[in-house]
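Enquirer: Please read through the structure below; I'll follow up with questions.
The values are calculated or read from the model by the stated rules, or taken from the named source; none is laboratory data. Everything quoted here is computed from the prediction, not taken from an experiment. Using ideal geometry, Cβ is built from the backbone for each residue, glycine included, and neighbour counts are taken over all protein chains shown. With ligands, DNA and RNA removed, areas are computed over all heavy atoms of the protein, side chains included. Shrake-Rupley method; radii C 1.70, N 1.55, O 1.52, S 1.80 Å.
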Amino acid sequence: MTTKLFGEPVRRREDARLITGKGRYLDDLGAGALAAAFVRSPHAHARVTDVDVEAALDVEGLVAIYTYEDLTGPMAEPMPVLIPHPQLHAPRTGYALANGVVHHVGEPVVMVVATDRYVAEDAADRIAVSYEELPVVVGVDAAREARATVHDDVPDNVAARHHQETGDVEPALAAAPHTLSFTQYIERSACMPLEGKGVHARWDADDGSLRVHSSTQASTSVRAAIAAKLELSLDRVEVIAPDVGGGFGVKIVHPWPEELLVPMAAIRLGREVKWAEDRREHFISSAHERQQRQEITVGFDDDGRITALDVHVWHDNGAYTPYGIIVPIITATQLVGPYAIPVYRVVVESVYTNTVIVTPYRGAGRPQGCYAMERTMDRIADALGLDRAEVRRRNLITPDQFPYDHRLTFQDGRPVIYDSGDYPGLLDKLVALVGWDEAGALRADAQARGKLLGIGMALYVEGTGPGPYEGGHVQVLGSGKVLVSTGLTSQGQGHETVFAQIVASELGVPIDDVEVHTGDTRRFGYAVGTFASRAAVMSGNAVALAARGVREKALRIAADVLEADPADLEIDEGQVQVKGTPGASIPLRTVAVLSNPLRYAFDQAAQQATQFVTHDDSKPPVAPGDAPGLEHRDYYSPIRSTFASGAHAAVVEIDPRTWEIDVVRYAVVHDCGNVVNPMIVEGQVQGGVAQGVGGALYERMAYDGDGQLQNASFMDFLMPYASEVPDIAIDHQETPSPLNPLGIKGAGEAGVIPGTAAIASAIEDAVGRRITSMPISPTELYDLMRDETAERTAGSQQVPLQTGVPA
Amino acid sequence: MKPAPFRYADPRSLEEALDVLTAEHGAKVLAGGQSLIPLLAMRLAAPATLVDINRVPGLDTVETTGDGVRVGALVRHDGLLRDSPDATAAARVQPLLARATANVAHPAIRNRGTTVGSIAHADPSGEMTAVLALTGGSVTVATPEGRSTVGWQDLFVGPLETSLAGPAVVVDAFFPALPARSGTAFAEISRRKGDYAVCGAGVVVTLDEDRRVAAVRASYLSVGLVPEVHDLTEAVAGKPVDGADWAAAGALARTLVDPDGDIHASADYRRLLVGVLTERTLAEAAAEALERTAA
Ligand SMILES: Cc1cc2nc3c(=O)[nH]c(=O)nc-3n(C[C@H](O)[C@H](O)[C@H](O)COP(=O)(O)OP(=O)(O)OC[C@H]3O[C@@H](n4cnc5c(N)ncnc54)[C@H](O)[C@@H]3O)c2cc1C
């Protein structure tokens, strides 16, 4: 059958639009709208003593200026703690506009609305805000020491103490034949979507309704937040995510101050208002992720099998905790990866710093967890003189152990029970794909060229597709067009293609007849959002169930017309036909027409459904319990997350004179269950790996001691170009999920997770010095190499470089 | 990231440009805009008037003679790289020009940004400032009083700062020809391909008639506040090309430079790179010098 497109590398239908400049992004909307700009705090921690707007008032084109004093009702209250948690004992959030004290550079203090953005910035420039500076806390170590505090009433800077344990770790460590303890660090990076955030709002005073477009990953929840904060009835608010130029997590956070202030201004002024974030604003007032200090103690036996693992993480959550402790929980629970850890204890202390908030960035705590676990594996191998692949193999959960219960509680409040997987299979494929066993020859070849070569690997398991639910709506029109809608949003991942594939396959229609809409509360009001690699799992299954509902109804109606048993019917290429009986068929579009009994024939097709044409007098036109129209709405709500997995390996070459680090080979084996579209999955993996390489070798948030971000531009925040991203060899393994109808697992974030761990391992292998802090740049590697006190690995004997490095 | 208000003039002649620059206090020349426009957008610069010289005729030529290469103010970086008779002639007389230009940014920027603009911008991380210094070049400056030649030593005053004051348009930059029995090389290390260099080196090696090293000069990028030329001859003077200890020249170079550290590289790391790049480029330049001596 030609319509079975599930599993095919169908080309992304959104690409033609998006790559030829026909996308409709936030800033493409509302050409005549007023523009907002913000005066943001230049200090990391300060008391606002005065706001003087006088000089701005005569700027021609100025329309309005708002400060905290202008906020009323719920708008004057702190921003919501979006995801509360019992262990988040000291949650703090900011205000839409600063109220008294600012806690990081970039916090909005004054909002300016003017005829265009230029004028708004001119006026903002002239507003004089006076500050009294307060002591600044930057970095996780300063936060721990708590010599200064971020929030007066949180004296130890600790927002949350998250704790999970699966047994009595101390006796288990005491009984272990070997133990190792070490501390390591990982730095901040950020999502950096090409399109920043943005909001456009239009108030219809006659209708008393508000239409908001936001570059968001969660339009339904933005809608609810706006309604609550602006005291509007939910039915008076619509929120639409237009084309969104990337999210990667930063746009799941909501409501951003601007998402509330722009609609507020639109209502007060009775004019369209728009704000499109610029890059500097994005750097200093959106969100970052990843900084942690990890203190790890591991117990293991002579074979390298882990007997106990004790991890204490200090997690930098920035100035506020609007997104709760989701990131640290994910680190804590996903750290164990594909390994069977008999006794595990994890404590995460989530601490405040005077820096931009920390919320999920693709991977969301998993890269850190993977870094902790995989570097532990490397240490064990080094301590015992074992092959790193072999140590991992000995600790893997085996295929017969599924479902595997880690006895931990995941970010969705549900148990971490791995549904399915084949981790030894992943490892075997990886070893073959990257040429793990030929590393010696590669090393010798590199040495002959004057280079140091190293190889590293990292494995991960990723909980994907958490609930609570997503919904889908499928409707067949009389034209034959099939409308599919889900409330979950798209940021360019290829949802339109994938959902169309699923519906075309389920329903038996040509994919070109299927039109997909996402993230528009006018079309679908119930949704959660796009995060945690959940779109395909959640909305994919929801639209599949909705399509199955439509199919069932279509067969029922067609069976009547064709005087056949529904069980004998099939749908192919948009035709409902009796199996094995050519000619006995009816087009699905005709079924759609017949599904809606009519009095009025507004066109040719509709005549077939009018009252003097259809006959059966024995029943009402619409049977009890039935509804007009060929449509169905359904929801998918999983019992718990499904767990995808993968294994990456990196080969690096290092110039021992300049310490430049080059990733020369990168291999990925990936398992996301049944694959809807392998081309899209590979694209996701490639993009993820690019971000992984960025996080390992290039990106960092360079805060100075005063909390000033020194690299808040694309000139100095080094995202890798295509020239820095290696070619990637990809192999797939498909272990279907038993948890959902389509057997799929999420694929969106996976590519980024093991990059830092695998590359750290490869560099350590190349240079024979312990790598304890990532990312690492050539200048830092040079410092490490000439530091006489730097720890040498046991494996460092095989590194050709034995002499000291010139200072 | 929107510029503060400014007036805009697009003069059709050099005289007109100088008139506007004279009349409007705080006016600034706009060439390719690849450095100036980002500064405006970030409101790090807010000139009252921009004088766009892109419509001034006669500034877009590359003239090559036996003495050297004269690059007009509107010649884009790409004009020295592209496959054209002008670029080929220039590369023959002063090969350093194209070699260095190939390291300037990315194609989109090289299509707009100008060689002369780079020099007027006086960025010690820029390739062209170092090349002007190393070749012993100069610029021609037009002011209402007339034209004058300003040598590179008198031009660069500090980072992003030249000696040009008052109304002035740089009409061209002149890069003297590579001397006889000489070779050059250029190399740089940047964090990402096309980025400003963490450190870069351009070198010229000149041999004597016996094919022994007679002179070695080097200039570095992102090292120091203004471009400098360092004489490294003493480390290798009188040595045959294949017997010269280029590492010794690298070591000497390390003692001569005084780099700063920033978020991308420590001062020590830059010093390390000065040594390595010197050694690598000298070997290459000496080989070229030998070739050109044989020819
Ligand atoms: C992403 C990016 C990467 C870059 N990477 C590099 C790099 O690796 N190496 C590098 O060298 N450069 C780099 N550049 C800068 C680029 O080379 C610019 O083209 C160059 O620095 C300035 O030339 P312009 O013609 O664009 O000058 P403009 O931006 O127009 O002007 C720069 C300054 O020079 C003055 N000026 C320009 N022309 C004249 C003149 N004829 N007379 C008097 N004053 C004048 C202007 O008033 C202004 O102050 C990069 C730029 C970008 C945006």
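Enquirer: What percentage of the solvent-accessible surface of the protein assembly as shown, computed with a 1.4 Å probe over protein heavy atoms, is contributed by carbon and sulfur atoms?
Expert: Numbers: 20440 of 41090 Å².
About 50 percent, which is the carbon plus sulfur part of the accessible surface.
Enquirer: Compute the distance in nm between two label points, each set 7 Å from the Cα along the Cα-to-Cβ direction, one at A:Ala790 and one at B:Asn54.
Expert: Going from the A:Ala790 label point to the B:Asn54 one covers 4.7 nm.
Enquirer: Of all DSSP beta bridges in the protein assembly as shown, what percent run antiparallel (nearest 5)?
Expert: Details: 147 of 183 bridges.
Percentage antiparallel, nearest 5: 80.
Enquirer: Any idea what Rg and Dmax come out to for chain B if you just take the C-alpha atoms, in Å?
Expert: Both quantities, over Cα of chain B: 19.4, 63 Å.
Enquirer: Tell me the trypsin sites (Lys or Arg not before Pro) within region A:376-466 that lie in a loop according to DSSP and have at most 10 other beta-carbon atoms within 10 Å.
Expert: Numbers: sites: A:Arg379, A:Arg388, A:Arg392, A:Arg393, A:Arg394, A:Arg407, A:Lys429, A:Arg443, A:Arg449, A:Lys451; in loops: A:Arg449, A:Lys451.
Taking region A:376-466 and a limit of 10 other Cβ atoms within 10 Å, the loop trypsin sites (Lys or Arg not before Pro) found are A:Arg449.
Enquirer: Can you give me the P(r) profile for region A:467-636? Cα pairs, bins 5 angstrom wide beginning at 0, each as a whole percent.
Expert: 2, 9, 18, 19, 18, 14, 10, 6, 3, 1, 0
Enquirer: Quickly work out the A:Arg414-to-A:Glu563 label distance, labels modelled 7 Å from Cα along the C-beta direction, and quote it in nm with one decimal.
Expert: Placing both labels 7 Å along Cα→Cβ, they lie 4.9 nm apart.
Enquirer: Show me, for region A:242-247, the HN-Hα J-couplings you get by feeding each phi into the Karplus relation (A = 6.51, B = -1.76, C = 1.60, θ = phi - 60°), rounded to Hz, glycine and proline as x.
Expert: Along region A:242-247, the couplings run x, 4, 10, x, x, x Hz.
Enquirer: Please report, in Å, the Rg and the Dmax of region B:62-176, where both are computed over Cα atoms only.
Expert: 13.1, 38
Enquirer: In addition: Given a cut-off of under 8 Å on Cα pairs at least six residues apart, what relative contact order in percent is computed for chain A? Don't skip to the end; give the middle numbers.
Expert: On the way: 2026 pairs, mean separation 124.6, N = 807.
Here the relative contact order equals 15 percent.
Enquirer: While we're here: Kindly identify residues of region B:241-270 having a loss of at least 10 Å² in accessible area between the isolated chain and the assembly of all protein chains, probe radius 1.4 Å.
Expert: Hits at the 10 Å² cut-off: B:Arg254, B:Ile263, B:His264, B:Ser266, B:Asp268, B:Tyr269.
Enquirer: Check each residue of region A:640-668 and keep those whose accessible area, probe 1.4 Å, is at least 30 Å² smaller with all protein chains in place than in the chain alone; give them in order of residue number.
Expert: For region A:640-668, once contacts with the other chains are taken into account, A:Arg657, A:Thr658, A:Glu660 lose 30 Å² or more.
Enquirer: Once you have the Kirkwood Rh of region A:524-611 from its Cα pairs, apply Stokes-Einstein at 20 °C and 1.002 mPa s and quote D in µm²/s.
Expert: Details: Rh = 15.0 Å.
It comes out at roughly 143 µm²/s.
Enquirer: Explain nothing, just compute: Karplus ³J(HN,Hα) = 6.51 cos²θ - 1.76 cosθ + 1.60, θ = phi - 60°, for every residue of region A:450-458 in order, whole Hz, x for Gly and Pro.
Expert: Calculated HN-Hα couplings, in order: x, 10, 9, 10, x, 10, x, 9, 8 Hz.
Enquirer: Give me the percent of DSSP beta bridges within region A:467-636 that run antiparallel, rounded to the nearest 5. Walk me through the numbers on the way to the answer.
Expert: Numbers: 18 of 24 bridges.
If I count the DSSP bridges inside region A:467-636, around 75 percent turn out antiparallel.
Enquirer: For region B:186-209, list whatever residues lose no less than 20 Å² of accessible surface once every protein chain is in place, relative to that chain by itself, with the probe at 1.4 Å.
Expert: Output list: B:Ile189, B:Arg191, B:Arg192, B:Lys193, B:Tyr196.
Enquirer: With the other protein chains left in place, how much accessible area per residue, in square angstrom, belongs to the protein assembly as shown at a 1.4 angstrom probe?
Expert: Values: 41090 Å² over 1102 residues.
Per residue, the protein assembly as shown has an accessible area of 37 Å².
Enquirer: With a 1.4 Å probe, how much accessible area is buried between chains B and A, both sides summed, in Å² to the nearest hundred?
Expert: Summing both chains' loss of accessible area gives about 2600 Å².
Enquirer: What number, rounded to the nearest 500 deg cm²/dmol, is the helix-based mean residue ellipticity at 222 nm of chain A, given -39500 (n - 2.57) per DSSP H run of at least four residues and division by all its residues? Working shown, then result.
Expert: Values: 18 runs with 196 residues, N = 807.
Result for chain A: -7500 deg cm²/dmol, rounded to the nearest 500.
Enquirer: Report the extension gain between A:Asp204 and A:Arg161 in nm, rounded to one decimal, defined as 0.36 nm multiplied by the number of residues separating them, less their alpha carbon distance. Before the final figure, lay out the partial values.
Expert: Numbers: separation 43, 0.36 × 43 = 15.48 nm, distance 4.62 nm.
Length difference between fully extended and current span is 10.9 nm.
Enquirer: On to the next question. Tabulate in residue order the Karplus-calculated ³J(HN,Hα) for region A:280-289, using 6.51 cos²θ - 1.76 cosθ + 1.60 with θ = phi - 60°, rounded to whole Hz; enter x for Gly and Pro.
Expert: The phi angles translate into 5, 4, 4, 5, 9, 9, 9, 8, 10, 7 Hz.
Enquirer: To continue, here is another question. Amide H to amide H, which residues 5 or more places from A:Asp412 or on other chains are under 5 Å from it, using H placed in the peptide plane?
Expert: none
Enquirer: Going by amide H atoms built from the backbone, whose H comes under 5 Å of the H on B:Thr162, apart from near neighbours?
Expert: For B:Thr162, the qualifying residues are B:Val157.
Enquirer: Looking at region A:1-87, which trypsin sites (Lys or Arg not before Pro) are in a loop (DSSP not H, G, I, E or B) and have at most 15 other Cβ atoms within 10 Å? Display every interim value, and only then the final one.
Expert: On the way: sites: A:Lys4, A:Arg11, A:Arg12, A:Arg13, A:Arg17, A:Lys22, A:Arg24, A:Arg40, A:Arg47; in loops: A:Lys4, A:Arg11, A:Arg12, A:Arg13, A:Lys22, A:Arg24.
Hits after loop and neighbour filter: A:Lys4, A:Arg11, A:Lys22, A:Arg24.
Enquirer: While we're on this one: If amide hydrogens are placed 1.01 Å from N in the peptide plane, which non-local residues have theirs closer than 5 Å to the one on A:Gly167?
Expert: So A:Gly167 has HN proximity to A:Tyr344.
Enquirer: Mind running the shape call on chain A? Use the C-alpha gyration tensor, a ≥ b ≥ c as the square roots of the eigenvalues: rounded below 1.5 for a/c, prolate if a/b tops b/c, oblate otherwise. Can you show the working numbers first?
Expert: Details: a/c = 2.06, a/b = 1.23, b/c = 1.66.
Oblate, because a/c is 1.5 or more while a/b does not exceed b/c.
Enquirer: For each pair in A:Lys4/A:Lys553; A:Lys251/B:Lys2; A:Lys22/B:Lys28; A:Lys22/A:Lys553, compute the distance between the two Cα atoms and list the pairs where it is over 31 Å.
Expert: The answer is A:Lys22/B:Lys28; A:Lys22/A:Lys553.
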